[in-house]
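Undergrad: Let me begin by handing over the structure; questions about it come next.
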Amino acid sequence: MLQDKIEILPVQLLNTERTLVEEMRQVGEELHLGLGWHYLLDLPWAAQQIGPTPGMRVVDAGAGTGIIQWWLAGQGVDVISVDRMSRRNLPIRFRQQYRTQGWRKQDLSLLPDAVLRGFLPPRSPRHWHLYPRKLALSLQQWRWKPQADPSSGTVFIYNQDLASIPDIPDNSADGVVSISALEHNSPDKLRDCVAELVRVLKPGGKLIATLAAAKKQDWFHEPSKGWCYTEATLRDIFDLAADCPSNYDRYDELSEALRDCAELRDGLADLYFESGNNGMPWGIWDPKYQPVGVIKVKHYER
């Protein structure tokens, strides 16, 4: 029987889930996406918990342009990509590699002709060798013949606040995943978001979320604008079973291992060195919190 779970994500995931770690790294490189400092723990853990199969429908909650939705589409999963940030003008590199649609007409626009022409060869054949062959298409061909693998799933862009996603029906999603996004809501707002995400899950489906862990009391990490949560708060907000397993008793041990992790320390994305408003201000390796994974199973009504 599927079971609720809380797990502070251990650095051992880098070894036990090495294949998934490298897959996530590859997707990030292909799409020119910088990885969050702990995402090589979050992403493989969440992917392993989902166990994607072609034809599944998964909601990515707080998706932005993040990696998990594109990786899932590559596994043949249809993804409803929900975020309050507009992605109406989603960059061409995503549209070309993956099949994308708007969940509603207003959620994704056709790219302006001027943008598309910038990716097409000039009229003079003399310069065509400078352009990748797959982009050497007419404007009309590009629009109707995307380069996405025909076996891949579709990413449906949906611009909406997670506390209210009325266009997604009750009991319609095989799974919900959220990577380091829910903590950017206040505790009260988080409760509303969780309730709405559970609503759209099919009975037997799982809400799989990564957030930030706190040891003794909830606190707000100002640089990253995110909340860090205790085990008690997560159990309450996600309405987890009283006997669900947890490793919060290893908090200090896991924190020390995280601080000593050379792979994460030496792999910080460039974005961290450009600002103090992030999870690792100015690229100085000093983890103030740990990533924690939560699994909430939607049980069948009696």
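The values are calculated or read from the model by the stated rules, or taken from the named source; none is laboratory data. Predicted model, so just to flag it, every value in this text is computed and none were measured. Cβ atoms come from the backbone with ideal geometry, glycine included; neighbour counts cover every protein chain shown. The area values use the complete protein model at the heavy-atom level, side chains included, leaving out ligands, DNA and RNA. Shrake-Rupley method; radii C 1.70, N 1.55, O 1.52, S 1.80 Å.
Undergrad: Filter region 9-34 down to residues that are under 16 Å from GLN69 (Cβ atoms), part of a loop (DSSP other than H, G, I, E, B) and modelled with pLDDT of 95 or more, then give me how many there are.
TA: Of the residues in region 9-34, 0 are under 16 Å from GLN69 (Cβ atoms), part of a loop (DSSP other than H, G, I, E, B) and modelled with pLDDT of 95 or more.
Undergrad: Of all residues being touching a helix residue (DSSP H, G or I) at 6+ places or on another chain (Cβ under 9 Å) and open to solvent by 60 Å² or more (accessible area, probe 1.4 Å) in region 250-270, which is farthest from ASN185 (Cα to Cα)? Just the residue, please.
TA: Across region 250-270, the extreme among qualifying residues is GLU263.
Undergrad: Another question about this same structure. It is to be established whether one or more residues within region 93-104 are in a strand (DSSP E or B) and open to solvent by 60 Å² or more (accessible area, probe 1.4 Å).
TA: Yes, some residue in region 93-104 is in a strand (DSSP E or B) and open to solvent by 60 Å² or more (accessible area, probe 1.4 Å).
Undergrad: What do you reckon, is THR65 open to solvent by 10 Å² or more (accessible area, probe 1.4 Å), part of a loop (DSSP other than H, G, I, E, B) and at pLDDT 95 or above?
TA: Against the criterion (open to solvent by 10 Å² or more (accessible area, probe 1.4 Å), part of a loop (DSSP other than H, G, I, E, B) and at pLDDT 95 or above), THR65 qualifies.
Undergrad: Considering each of CYS228, CYS244, CYS193 in turn, give the residue that is surrounded by fewer than 19 Cβ atoms within 10 Å (Cβ to Cβ), among the hydrophobic types (A, V, I, L, M, F, W, C) and either touching a helix residue (DSSP H, G or I) at 6+ places or on another chain (Cβ under 9 Å) or assigned to a loop (DSSP other than H, G, I, E, B) (or both).
TA: CYS244
Undergrad: Another question about this same structure. Pairs under 7 Å by beta carbon, first residue under 16 Å from LEU41 (Cα atoms) in region 240-256, partner open to solvent by less than 40 Å² (accessible area, probe 1.4 Å) and acidic (Asp, Glu), six or more apart or different chains?
TA: Between residues of region 240-256 that are under 16 Å from LEU41 (Cα atoms) and residues that are open to solvent by less than 40 Å² (accessible area, probe 1.4 Å) and acidic (Asp, Glu), the close pairs are ASN247/GLU7.
Conditions (1) in contact with an Asp or Glu (Cβ under 7 Å, 6 or more places away or on another chain); (2) closer than 25 Å to PRO166 by Cβ; (3) among the aromatic types (Phe, Trp, Tyr), marked per residue:
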| site | (1), (2), (3) |
| --- | --- |
| VAL200 | yes, yes, no |
| PRO223 | no, no, no |
| TYR229 | yes, no, yes |
| THR233 | yes, no, no |
| ALA262 | no, no, no |
| PRO281 | no, no, no |
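Undergrad: Enumerate the pairs (first residue in region 1-27 and more than 22 Å from GLU253 (Cα to Cα); second residue anywhere and surrounded by fewer than 19 Cβ atoms within 10 Å (Cβ to Cβ) and not polar (S, T, N, Q)) with beta-carbon separation below 6 Å, excluding pairs fewer than 6 apart on the same chain, so at least 6 apart or on different chains.
TA: ASP4/ALA241; ASP4/CYS244; VAL21/LEU14
Undergrad: Sort out which residues of region 221-244 are within 20 Å of the chain's Cα centre (by Cα) and either more than 15 Å from MET280 (Cα to Cα) or of a type in the set (Lys, Arg) (or both), and write them in order of number.
TA: Matches in region 221-244: LYS225, TYR229, LEU234, PHE238.
Undergrad: Take region 196-216 and flag every residue that is open to solvent by less than 10 Å² (accessible area, probe 1.4 Å) and either part of a strand (DSSP E or B) or without any contact (Cβ under 8 Å) to a residue 12 or more places away in the chain (or both).
TA: In the first step, residues of region 196-216 are kept if they are open to solvent by less than 10 Å² (accessible area, probe 1.4 Å); the result is 197, 200-201, 205, 207-214.
Scanning region 196-216 gives LEU201, GLY205, LEU207, ILE208, ALA209, THR210, LEU211, ALA212, ALA213.
Undergrad: Filter region 271-284 down to residues that are open to solvent by less than 50 Å² (accessible area, probe 1.4 Å) and touching a helix residue (DSSP H, G or I) at 6+ places or on another chain (Cβ under 6 Å), then give me how many there are.
TA: 5
Undergrad: Can I ask one more? Among the residues of region 167-190, which ones are among the small types (Gly, Ala, Ser), surrounded by fewer than 20 Cβ atoms within 10 Å (Cβ to Cβ) and more than 19 Å from ARG235 (Cβ to Cβ)?
TA: If the condition is that a residue be among the small types (Gly, Ala, Ser), surrounded by fewer than 20 Cβ atoms within 10 Å (Cβ to Cβ) and more than 19 Å from ARG235 (Cβ to Cβ), then SER172 is the only one that fits.
Undergrad: Just checking, how many residues over region 231-241 are within 15 Å of ALA209 (Cβ to Cβ) and in a loop (DSSP other than H, G, I, E, B)?
TA: Number of matching residues: 3.
Undergrad: Assess whether LEU41 counts as being touching a strand residue (DSSP E or B) at 6+ places or on another chain (Cβ under 6 Å), over 22 Å from ASP107 (Cβ atoms), buried (at least 21 other Cβ atoms within 10 Å of the Cβ) and at pLDDT 95 or above.
TA: Details: touching a strand residue (DSSP E or B) at 6+ places or on another chain (Cβ under 6 Å): yes; over 22 Å from ASP107 (Cβ atoms): yes; buried (at least 21 other Cβ atoms within 10 Å of the Cβ): yes; at pLDDT 95 or above: yes.
In short, yes.
Undergrad: In this structure, does ALA47 turn out to be small (Gly, Ala, Ser) and within 24 Å of VAL11 (Cα to Cα)?
TA: For ALA47, the condition - small (Gly, Ala, Ser) and within 24 Å of VAL11 (Cα to Cα) - is met.
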